[in-house]
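All remarks here apply to the structure that follows.
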Amino acid sequence: MSHPTSRDPGHDSTSRQSSPTDVTATIDVSSRRPVVISGAGPVGMILALELSMHGIRSTLVEQAPQTTSFPKMDLTNARSMELLARLGLVDEIRSVGVASEHSYDVVFCTSMAGRQVGRWKYPGVDEMSERIASKNDGTTPAHAWQRVTQIEVEKLLMRRCLADENIEILRPWRVTAVTQDDDGARVEITSPVDGTVHTLEADYVVGCDGAGSVVRRAMELTMEGQRGVITFCQVHFKSRDLETLHVHGQFWHTFFVGGGVGAIIAQDERDTWTLQTSAITDGVRTEDIDKQELLDAVCGRHLEVDEVLQSSVWHANVLVADRYRLQRLFVAGDAAHEVIPTGGYGLNTGIADAVNLGWKLAAVIRGFGGNDLLDSYEIERRPVAIMARDWSFRHLGVHVKAQELIDHTLIESDTAEAEEHRRALAEYFASNTGEHESFGVEMGYLYASPVIVSDGSPVPENDGATYVPTTLPGARAPHVRLPDGQSMLDAYRDTFTIVSFIGEEATTGLVDAARAANLPVRVLAVADATARTVYETDLVLVRPDGHVAWRGNALPVDPSGLVSIVAGRTTAVAAH
């Protein structure tokens, strides 16, 4: 009997809605799969594409028949854009995102019809790209950030996955059980169409299946942090009523002060918006909420709504799994960590998870990577998730505190005292801009794991707010623009890269050792004084994910030992 394997490019409101049974295919359950990925959201699909770039086949299992029709995410940060550039996705994401001329301003007001009491001014893609082009000292990312909805991101990622011969997509199929032993893992999948059950054999299984992850349950993980820190009502809606929405000018987010934490998010600068508000009664059900009444209340006047796309009441958690790996099972994205939307760390942290895990799984499957490489995934990524979790909670605190500062009898009046009150609020917001300026959280973290070789240099504390370019082992290798206009980051993709400022011949011993161990490596010989200053040493070994594995002014005495360490086959020791 044939069973559905979806091959359509996802939900598209401008075309015929595809059925899960448009195309059917027989699932081959006799062959063992290298990697089975539970969940074909953005993290799962990026993991599949990362594996494919390294020549590894994977199977995506997704219960939804189509990609999402709701906005969800709204920002791909600059570090994520760098990682996605490795997969050739930047131009596609720009093409479906918010147009480059629009600002990313954040407005604080009592309502759309009320007083503006603060504004964070942030550049759009054009302005940010100009800033990046004006500097070449390693302090900037290689790419500007991008506002884009998950609707569009999932569609373009699905198109890429469907066109990739290394990626098998089983949709709609639901992962219902996961088991493992020393010989492999088994994934039970169930068809929501007719209840058919199959078992897939795999070398490795990765749960990219969100907060309700089946893989996470199979691993018996404990989520550490706090649950239910705030309750939001979320309404995705369509409106072209810019007379109401743009009273305070064009914006990315408009936060409301007074009446609870809440904001309206401009998803596409055309007609799609999201309201998030805590101004609801605990225990209320989404179906009991009058969405028009709620939108009118936060806007302070009637808002012409064309369509309510979706609404929900949800309880925000700040949680990180106690483990990311259990033998052949892994978790990534929301299955590994849950954060509050403030700061935009959720999917962006998941993208880096997928890249980190993807190249390491590929290395082990291809035979040159060892077990330490797989262990290093948790060791490296979990501290980053903890930092993102804690900073998202900190950013929420800024909004909660603002509600406490409001004097409702003054905020809307015209007295001198009221003017002073609004000025004080404006100063408060101006001094608490970290929500979209935490570059240390986004780019400034250093990995410390068995596959990173320390050079003995002191590691500065990451304050979360600032990014300081460095090639300290474990750090993100800095962006420097070379004389031909290319970023050095363009070289860090599918192999290890030896950056040499003293010529290619100086790398021979390490290249030979890498090739003897089948470790893929290339040499980037750079004769540029600016780059040498930023990169701090004459030789820097950069991993496929763009993080520094080792550096020095000369090769180590034992290049083969270095190769064994960075490939996860020997435990690292400090190399002075």
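Annotations
- Ala354 vs. criteria surrounded by 16 or more Cβ atoms within 10 Å (Cβ to Cβ), touching a Phe, Trp or Tyr at 6+ places or on another chain (Cβ under 6 Å), under 20 Å from Gly210 (Cβ atoms) and aliphatic (A, V, I, L, M): no
- Any hit, the range 191-206, residues being free of Cβ contacts under 8 Å to residues at least 40 places away in the same chain, farther than 19 Å from Gly358 by Cβ, assigned to a strand (DSSP E or B) and in the same structural domain as Ile351 (by TED's automatic domain parsing): yes
- Per the conditions (1) out of contact with any helix residue (DSSP H, G or I) (no Cβ under 6 Å at 6 or more places or on another chain); (2) modelled with pLDDT of 95 or more; (3) surrounded by fewer than 22 Cβ atoms within 10 Å (Cβ to Cβ), the sole criterion not satisfied by Asp182 is (2).
- Any strands (runs of 3 or more DSSP E) falling wholly within the range 472-576 and containing at least 2 residues that are under 24 Å from Arg86 (Cα atoms) and either touching a residue at least 60 places away in the same chain (Cβ under 8 Å) or in the same structural domain as Gly370 (by TED's automatic domain parsing) (or both): 539-542, 548-552
- Positions within the range 46-95 being touching a Pro at 6+ places or on another chain (Cβ under 6 Å) and of a type in the set (S, T, N, Q), in sequence order: Gln63
- Residue list for the range 538-573, filter: over 26 Å from Asp528 (Cα atoms) and β-branched (Val, Ile, Thr): Val557, Val563, Ile565, Val566, Thr570, Thr571, Val573
- Count - residues of the range 103-137 that are under 27 Å from Gln150 (Cβ atoms), part of a loop (DSSP other than H, G, I, E, B), in contact with a helix residue (DSSP H, G or I) (Cβ under 8 Å, 6 or more places away or on another chain) and touching a residue at least 60 places away in the same chain (Cβ under 8 Å): 4
- Among (1) surrounded by 18 or more Cβ atoms within 10 Å (Cβ to Cβ); (2) of a type in the set (A, V, I, L, M, F, W, C); (3) closer than 30 Å to Ser311 by Cα; (4) more than 17 Å from the chain's Cα centre (by Cα) - the single one Ala99 does not satisfy: (1)
- Thr231, sole failed condition from (1) at pLDDT 95 or above; (2) assigned to a strand (DSSP E or B); (3) of a type in the set (Val, Ile, Thr): (1)
- Scanning the range 169-181 for residues that are in contact (Cβ under 8 Å) with a residue 40 or more places away in the chain and either farther than 21 Å from Gly333 by Cα or touching a Gly at 6+ places or on another chain (Cβ under 6 Å) (or both) yields a single hit, Gln180.
- Identity of the residue in the range 425-448, among the aromatic types (Phe, Trp, Tyr) and outside any loop (DSSP other than H, G, I, E, B), that ends up farthest from Val117 (Cα to Cα): Phe439
Residues checked against (1) part of a helix (DSSP H, G or I); (2) at pLDDT below 95:
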| residue | (1), (2) |
| --- | --- |
| Gln310 | no, yes |
| Val320 | no, no |
| Thr342 | no, yes |
| Asn348 | yes, no |
| Val355 | yes, no |
| Leu361 | yes, no |
| Asp372 | yes, no |
| Ser376 | yes, no |
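- Scanning the range 399-451 for residues that are farther than 23 Å from Ala388 by Cβ and aromatic (Phe, Trp, Tyr) yields a count of 1.
- Residue in the range 293-305 that is assigned to a helix (DSSP H, G or I), touching a Cys at 6+ places or on another chain (Cβ under 9 Å) and at pLDDT below 95 present: yes
The values are calculated or read from the model by the stated rules, or taken from the named source; none is laboratory data. What you see is a predicted model, and the numbers here were worked out from it, not measured in a lab. Virtual Cβ from ideal backbone geometry, glycine too; neighbours counted across all protein chains shown.
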